[in-house]
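The values are calculated or read from the model by the stated rules, or taken from the named source; none is laboratory data. Source: prediction; values computed, not measured. No Cβ is skipped: glycine too gets one built from the backbone with ideal geometry, and neighbour counts run over all protein chains shown.
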Amino acid sequence: MTASALPRAERRVVVREALSVGVATGAYGISFGALAVAAGLDVWQATALSLLMFTGGSQFAFIGIVAGGLQAAPAAIAASSLLGVRNGLYALELTQLLGVRGLRRLGAAHLTIDESTAVAVSQEHVRASRLGFWLTGTSVFVLWNLTTLGGALLGNKLGDPRTYGLDAAACAAFTALLWPRLRSRDAVGVAALAAVVSVALSPSLPAGVPVLAAALAALLAWRAPRGGDRAPADDPQAAEVRVSQQGGGA
């Protein structure tokens, strides 16, 4: 199933959604670049972090701790790694949905972030999900790295990024993506559980651990009543398997 096979109207909606998320999230990279330089990294180190690590939460955790000196490097690596583990949890949901093989799996793994996952799972059909994932991930990656470079070059001349509302842009875009998904009691319950776990653990655990615990709780709660056999609605083969398992068929 290719993106070109999507109805024009649906494809237009997915493209608009993906690009809007890409712009909102990518713009905040300027904040990371400025903060990275202020923490003691040079322009190329800040740029390399965005190119290779490419997960905003981990990057901010890393520079936040590194700002305390080289002795904080082990803690920085641990905190950023914990925050990055959540992307592995997203992969559990996306592996079957994307259906990638070979070298494309490496590209998909690098682009598996909060925003690309949210756009992908918010679509009703597999083709739209795949287009949304790749377009969102690519647009965020390109813009995030460009704005990181810009922020690192400008450095402290930018002032506090919160003055421009850039700290809220990415969160607002992500919330706007998730809100339409809360259409059932199950979805609302899972979201509430994740929020409670995260808030309850944040005061007492290191950065990254509450996020990871909330993601695990949400994943277990979401999959438990379904037996782990969720499949895309427009996948005929999966639908046939479900029917046969339920004792149905022609």
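Spot the failing condition for L82; the list is (1) modelled with pLDDT of 80 or more; (2) hydrophobic (A, V, I, L, M, F, W, C); (3) in contact with a Gly (Cβ under 6 Å, 6 or more places away or on another chain), and only one is missed.
(1)
Just one of A24, A76 is closer than 30 Å to L216 by Cα, assigned to a helix (DSSP H, G or I) and at pLDDT below 75; which is it? First the steps, then the outcome.
Numbers: A24 fails: at pLDDT below 75.
Criteria check complete, one pass: A76.
When you look at E115, is it modelled with pLDDT under 85 and acidic (D, E), yes or no?
On the way: modelled with pLDDT under 85: no; acidic (D, E): yes.
In short, no.
Filter region 100-116 for residues that are assigned to a loop (DSSP other than H, G, I, E, B) and touching a residue at least 24 places away in the same chain (Cβ under 8 Å) and give the result. Write out each step before concluding.
Step one: filter region 100-116 for residues assigned to a loop (DSSP other than H, G, I, E, B), giving 100-103, 111-113.
Of everything in region 100-116, those that are assigned to a loop (DSSP other than H, G, I, E, B) and touching a residue at least 24 places away in the same chain (Cβ under 8 Å) turn out to be L111, T112, I113.
Just a yes or no: is a residue in region 122-135 among the polar types (S, T, N, Q), within 19 Å of S58 (Cβ to Cβ) and modelled with pLDDT of 85 or more?
At the first step, the residues of region 122-135 found to be among the polar types (S, T, N, Q) are 122-123, 129.
Okay, now just the ones that are also within 19 Å of S58 (Cβ to Cβ), so none.
No, region 122-135 has no match at all.
Confirm whether F133 is crowded, with 24+ Cβ neighbours inside 10 Å and not hydroxyl-bearing (S, T, Y). So that I can check it myself, show each step before the final result.
Numbers: crowded, with 24+ Cβ neighbours inside 10 Å: yes; not hydroxyl-bearing (S, T, Y): yes.
Considered against the rule, which asks whether it is crowded, with 24+ Cβ neighbours inside 10 Å and not hydroxyl-bearing (S, T, Y), F133 comes out as yes.
Of everything in region 43-54, what is among the hydroxyl-bearing types (S, T, Y) and surrounded by fewer than 21 Cβ atoms within 10 Å (Cβ to Cβ)? Give them in sequence order.
Narrowing region 43-54 to residues among the hydroxyl-bearing types (S, T, Y): 47, 50.
If the condition is that a residue be among the hydroxyl-bearing types (S, T, Y) and surrounded by fewer than 21 Cβ atoms within 10 Å (Cβ to Cβ), then T47 is the only one that fits.
Inside region 37-59, can you point out the residues that are within 21 Å of the chain's Cα centre (by Cα) and hydrophobic (A, V, I, L, M, F, W, C)?
Quick first cut of region 37-59, residues within 21 Å of the chain's Cα centre (by Cα) only: 46-59.
Within region 37-59, A46, A48, L49, L51, L52, M53, F54 qualify.
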